[in-house]
Protein chains: 2
Amino acid sequence: MDLRELEYFVVICEEKNFTSAAERLYISQPAISKTLYKLEDELGLRLINRNQKPVAITAEGEVLLKLARDIIAQVQSAQNIMDEYKKLKRGSFTIAVPPMTGAYFFPPLFAGFKKKYPSLDMRIIDGGSLASLEAVKREEIHTGLIIFPPKDMAGVGNIPVTQQELVVCLPADHPLAGQAFLSLQQLESEPVVLYNDGFALRSIILNAYAEAGLTPKIEISTNQFLTIKALVAKGAGISFLPAIAVNDTDAIVTVPLEPQLHVTIGLVWNPNSFLPPACKAFIEFVQDYCANNK
Amino acid sequence: MDLRELEYFVVICEEKNFTSAAERLYISQPAISKTLYKLEDELGLRLINRNQKPVAITAEGEVLLKLARDIIAQVQSAQNIMDEYKKLKRGSFTIAVPPMTGAYFFPPLFAGFKKKYPSLDMRIIDGGSLASLEAVKREEIHTGLIIFPPKDMAGVGNIPVTQQELVVCLPADHPLAGQAFLSLQQLESEPVVLYNDGFALRSIILNAYAEAGLTPKIEISTNQFLTIKALVAKGAGISFLPAIAVNDTDAIVTVPLEPQLHVTIGLVWNPNSFLPPACKAFIEFVQDYCANNK
DNA sequence: ATAGCCCAATAACCTTTGGTTATCACAGAG
DNA sequence: CTCTGTGATAACCAAAGGTTATTGGGCTAT
């Protein structure tokens, strides 16, 4: 008893005529005949009385007719629902949004995307960029708007969305606060406040120290952006943050680094993973967004 | 999207392993693979993520899984229902029961059948035996427990259930009431009370008159058994009824006919019609019933 | 490392089945 | 009493669903 048989049966019942049922189904009349016999044999019941003209539905046929219509309607509805996922009328995906990108770069993307696809849902996953990248690679998270780590973006799909310059953050009363720019060498002896392990900003900064042949004095680590700023303001150490993330009201002075140090913020995903259509739509949206804002 | 595909999909989801899903379904692993791809292509959605081990269900797959389970359950239930019709756990049929048979011959058959098949229903259709026979031939009624007409039972399936002798019914004060038996010749001048047209008893009696070369004086016709007896009792005319149908309390005297006149009561159906299993069961039951009461 | 294993994908092939055309048989209408 | 409409049947064909054999990628254990 399969759906095709039930559908044919319902049409036969509606047409009360094998020939016109066949026409409505765009198949030949013998196909109808054969299929109905097959269904009847499977059930061990006669569903249609061919002696009458027009053909009549038996009592058992009448019962099956109702059941068949219900089944077909349910299948129809299931198909519609699934089609909505395909057509981006429904759907959701997970996106890693570390604190830094969440505060400055994610909101406009989210707003734009939501405007284009109001019925799609994003589930935001917190976590550092590095940890998020690993989760994306392991396919635990569909995508992430992260700070790209210093190296090794091979094997992940990515779209750089923006580049930001890291600036030195000093307490307002710091002796070096007045400089036009600073090098890491000048800062080597300064205690540093960093993000925890698993955050890209930490590894980018450590990487920069290492490349300069220097070793930073890591005073303390946290994964709270506001905590870092507060610690710097209170003189616990210096730090390095994207210029956009610090403003005058923070009781922090920013000085450009020399040579400049940049971080790239962008979208990443696992190219081998089969992403939900909703997520593909978001990636595409971000792609367009970057192309248009160039 | 057919039932087979949905079933395979559900099993894959349950096993989270194509190979063991194939085993559970008694098919080969490539068949599973192929069918799932087909379903995914039809929907335009990835349902299973094969990158993970064990394979993981995607968000869309999770949605379809629920829908598919519902559909399969509904089909299952439909199959069960239809199977109950086949297995005589459900079902009904129509049976013509004219007044005479309804009063004396149908009740024991009904009781016995209902005992054997408590959940089957009969719908009793009223009407004369002749009219019922025609309705059965036209397949408007599945079967009938009727008085067989004088001739022409060809072309209908039938089981004679009992034979009854017709006796002359006279008002108690009738001059011929004391006779040991009576011939139609002796009764020719008597007004007769008969069933209406369409009732077998009428045509059997008219037939007997005709065969004896006589013409009855039909006083009045009715299709109410009790009315006939009342009319006879009041002296409106004589009548002929099965002996079993008249007793002493009726203020009617019965006298055997000479030569005897018999009516056969039995079951009839259209052998070309496809009867509901319930009706077939009843016919079979009556067949057994007669065989055992011989 | 690397050999071995698990497991899904793929290829080539076979069998069943759903569909086709042509034709028949039969009932009912003109 | 032929003609028309309609379902059944036969013979045949193409596609679908299934099979076995094999490949290849990712893990695990040595």
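Where a number appears in this text, it was derived from the coordinates with a stated rule and is not lab data. On a predicted model such as this, the values are computed, not experimentally measured, just so you know. Cβ sites come from the backbone with ideal geometry, for glycine too, and all protein chains shown count toward neighbours.
The residues B:46, A:69, when put in order of fewest to most other Cβ atoms within 10 Å, stand as A:69, B:46.
Which of the GluC sites (Glu not before Pro) found in segment B:154-221 are loop residues per DSSP with 16 or fewer other Cβ atoms within 10 Å of their Cβ?
On the way: sites: B:165, B:188, B:211, B:219; in loops: B:188.
Taking segment B:154-221 and a limit of 16 other Cβ atoms within 10 Å, the loop GluC sites (Glu not before Pro) found are B:188.
Counting Cβ atoms of other protein chains within 10 Å of each residue's Cβ and taking the mean over peptide A:74-82 gives 6. Any idea what angle helix B:3-15 forms with the longest principal axis of chain B, computed on alpha-carbon atoms, 0 to 90 degrees, nearest 10? Compared with the principal axis, the helix lies near 50 degrees. Between residue A:52 and residue B:114, the FRET efficiency from the beta-carbon distance, with R0 = 30 Å, is close to 0.55.
Here segment B:176-199 is scanned for amide nitrogen atoms under 19 Å from the site 7 Å beyond the Cα of residue B:210 along Cα-to-Cβ, giving B:184-185, B:188, B:192-199. Annotation: amide H-H contacts under 5 Å for residue A:240 (H modelled 1.01 Å from N, sequence separation of 5 or more, or interchain): A:169.
Translational D (Stokes-Einstein, µm²/s) of chain A at 4 °C and 1.567 mPa s when Rh comes from the Kirkwood sum over C-alpha pairs? Walk me through the intermediate numbers first.
Values: Rh = 23.8 Å.
Stokes-Einstein gives a translational diffusion coefficient of 54 µm²/s.
For residue B:127, the shell of other residues with beta-carbons less than 11 Å away shows a net charge of -3, using +1 for Lys and Arg and -1 for Asp and Glu. Take each residue of peptide B:47-55, count the partner chain Cβ atoms within 10 Å of its Cβ, and average: the result is 2. Using R₀ = 51 Å, calculate the FRET efficiency as 1/(1 + (r/R₀)^6) where r is the Cβ-Cβ separation of residue B:34 and residue B:290; round to 0.05. Efficiency for this residue pair is about 0.30.
The alpha carbon centroids of segment B:253-294 and segment A:1-38 are separated by 38 Å. Dipole orientation for segment A:15-137: of the candidates A:68, A:128, A:85, A:85 has the Cα lying most toward the positive pole (charges on Cβ; Lys, Arg +1; Asp, Glu -1).
Which of the three applies to segment A:75-136, rounded, prolate or oblate, going by the alpha-carbon gyration tensor with a ≥ b ≥ c and a/c under 1.5 meaning rounded? Write down the numbers at each step before the final one.
Working: a/c = 4.62, a/b = 1.93, b/c = 2.40.
Judged from the Cα gyration tensor, segment A:75-136 comes out oblate (a/c at least 1.5, b/c at or above a/b).
Checking the cross-link pairs B:38/B:66; A:137/A:217; A:89/B:66 against a 23 Å limit on the alpha carbon distance flags A:137/A:217 as lying beyond it.
Stick to Cα atoms and the Kirkwood definition of Rh, then tell me Rg/Rh for segment A:11-61.
Working: Rg = 10.3 Å, Rh = 10.9 Å.
Value, to two decimals: 0.95.
Between residue B:87 and residue B:188, the contour length at 0.36 nm per residue exceeds the Cα-Cα span by 30.8 nm. The HN-Hα couplings worked out from phi for segment B:267-283 by the Karplus form 6.51 cos²θ - 1.76 cosθ + 1.60 (θ = phi - 60°) are 9, 10, 7, 8, x, 8, 7, 8, 7, x, x, 4, 6, 4, 4, 5, 4 Hz, whole numbers, x standing for Gly and Pro. With point charges of +1 on the Cβ of Lys and Arg and -1 on the Cβ of Asp and Glu, referenced to the Cα centre of segment A:187-294, which listed residue (A:261, A:289, A:213) lies farthest in the positive direction of the dipole? Of the listed residues, the answer is A:289. The phi-based Karplus calculation (6.51 cos²θ - 1.76 cosθ + 1.60; θ = phi - 60°) puts the 3J(HN,Hα) values of segment A:213-225 at x, 10, 10, x, 9, 7, 6, 6, 10, 8, 10, 9, 3 Hz, whole numbers, x for Gly and Pro. With all pairs of separate Cα atoms included, segment A:27-146 yields a Kirkwood hydrodynamic radius of 19.3 Å.
In a shell of Cβ-Cβ distance under 13 Å around residue A:185, excluding residue A:185 itself, what net charge do Lys and Arg (+1) and Asp and Glu (-1) give?
Values: positive: none; negative: A:188, A:190, A:211, A:258.
Net of charged neighbours comes to -4.
Its Cα centre serving as origin, chain A has a Cβ charge dipole (Lys and Arg +1, Asp and Glu -1) of approximately 940 debye. Ascending distances from the residue B:186 label point to its copies in the other chains, with the point 7 Å along the Cα-to-beta-carbon line: 14.8 nm. Which residues among segment A:251-288 fall inside the zone where the amide N is under 18 Å from a point 7 Å beyond the Cα of residue A:234, along Cα→Cβ? Residues A:251-253 qualify, since their backbone N sits under 18 Å from the label point. With a simple spin-label model that places each label point 7 Å from the Cα along the Cα-to-Cβ direction, the separation between residue A:260 and residue A:138 comes to 3.7 nm.
With an 8 Å cut-off on Cα pairs and a minimum separation of 6 or more residues, tell me the relative contact order of chain B in percent.
On the way: 474 pairs, mean separation 61.7, N = 294.
21 percent.
With a simple spin-label model that places each label point 7 Å from the Cα along the Cα-to-Cβ direction, the separation between residue A:74 and residue B:226 comes to 5.1 nm.
GNM, chain B, Cα, under 10 Å: largest mean-square fluctuation among B:233, B:78, B:177? Highest fluctuation among the options: B:78. In whole percents, the pair-distance distribution calculated for the protein assembly as shown from its alpha-carbon pairs, binned every 20 Å from zero, is 16, 26, 19, 15, 12, 8, 4, 0. Taking amide H atoms as placed 1.01 Å from N in the peptide plane, the amide H of residue B:94 lies under 5 Å from those of B:123, B:142, B:143, each 5 or more residues away in sequence or on another chain.
I need the calculated FRET efficiency for the pair residue B:154 and residue B:41, taking r as the beta carbon distance and R₀ as 45 Å, to the nearest 0.05. Please report the intermediate quantities before stating the final value.
On the way: r = 61 Å, r/R0 = 1.35.
The calculated FRET efficiency here is 0.15.
Calculate the mean, over all residues of peptide B:57-68, of how many other protein chain Cβ atoms lie within 10 angstrom of the residue's Cβ.
Working: counts 0, 6, 11, 11, 1, 0, 7, 5, 0, 2, 7, 2.
Counting other chains' Cβ atoms within 10 Å and averaging over B:57-68 gives 4.
Extending 7 Å from Cα along the Cβ direction at residue B:14 and again at residue A:243 yields two label points whose distance is 6.2 nm. For the protein assembly as shown, a simple Cβ point-charge model (Lys and Arg +1, Asp and Glu -1, everything else neutral) yields a dipole of about 260 debye relative to the Cα centre. Entry note, segment B:38-77: relative contact order of 26 percent, from Cα contacts under 8 Å with a spacing of 6+ residues. Computed across segment A:157-294, the Kirkwood radius stands at 16.5 Å (inverse of mean 1/r, all Cα pairs).
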